[in-house]
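Written out below as structure tokens is the structure these notes cover.
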Amino acid sequence: PGTYRSGTINIIAGATVILDGQYRANPVFLFQADSTMLTGAGCKIILINGATADNVLWALGTALTTGANSEFRGSIVAGSAITIAANNKVYGSVIAGSAVTFGANVEIEGCVAANSAITFGALCSVNAT
């Protein structure tokens, strides 16, 4: 748990990022990027030892773009656009300063908000928690 800050955040294709709550009460993870976050295809963000998606925040100065077939945990707040590729599962809210675009077969466990447009691909599902 803690705060992590960088100019950009990049997760390479096929990578698994493990967020370990270390059995603490309500561990919080805050990831801040001055600009963008990019994830490659097949990435997974895994939570263990008490970490929950409710306590993970990705705060981005500009945009997020994910690769296909990934699992993303935590809420995302981006200053501009968010693009979630096909066959992703997102456990957390998605909030963008401009547009949010989802590819086909995306599952969202959280709220979706955008200042301009929200576009859903085929067979998307949203379960606002």
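The values are calculated or read from the model by the stated rules, or taken from the named source; none is laboratory data. What you see is a predicted model, and the numbers here were worked out from it, not measured in a lab. Don't worry about glycine lacking a Cβ; one is built from the backbone with ideal geometry, like all the others, and counts go over all protein chains shown. Just so you know, the surface numbers come from the protein's heavy atoms only, side chains and all, with ligands and any DNA or RNA stripped out. Shrake-Rupley method; radii C 1.70, N 1.55, O 1.52, S 1.80 Å.
At most 12 other Cβ atoms within 10 Å and a DSSP loop assignment: could you name the chymotrypsin sites (Phe, Trp or Tyr not before Pro) in the range 19-85 that fit? Can you show the working numbers first?
On the way: sites: Tyr23, Phe29, Phe31, Trp58, Phe72; in loops: Tyr23.
Answer in residue order: Tyr23.
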Would you work out if the range 74-129 is rounded, prolate or oblate? Take a ≥ b ≥ c from the square roots of the eigenvalues of the alpha-carbon gyration tensor; rounded if a/c is under 1.5, else prolate when a/b is larger than b/c, oblate otherwise.
oblate
Paramagnetic reach from Thr119 (point 7 Å along Cα→Cβ, amide N under 14 Å) across the range 55-96:
81-86
Of all the accessible heavy-atom surface of the range 54-129, with the other protein chains kept in place and a 1.4 Å probe, what percent is carbon and sulfur?
54 percent
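Which value, in Å², gives the accessible area per residue of the chain when a 1.4 Å probe is used on the protein heavy atoms? It would help to have the intermediate numbers written out before the result.
Details: 6100 Å² over 129 residues.
For the chain, the solvent-accessible area averages 47 Å² per residue.
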Using unit Cβ charges (K, R positive; D, E negative) and no other charged atoms, how large, in debye to the nearest 20, is the dipole of the range 13-129 about its Cα centre?
60 debye
Test of understanding: what is the full-extension gain from Leu30 to Thr16, defined as 0.36 nm times their sequence separation minus their Cα-Cα distance?
3.3 nm
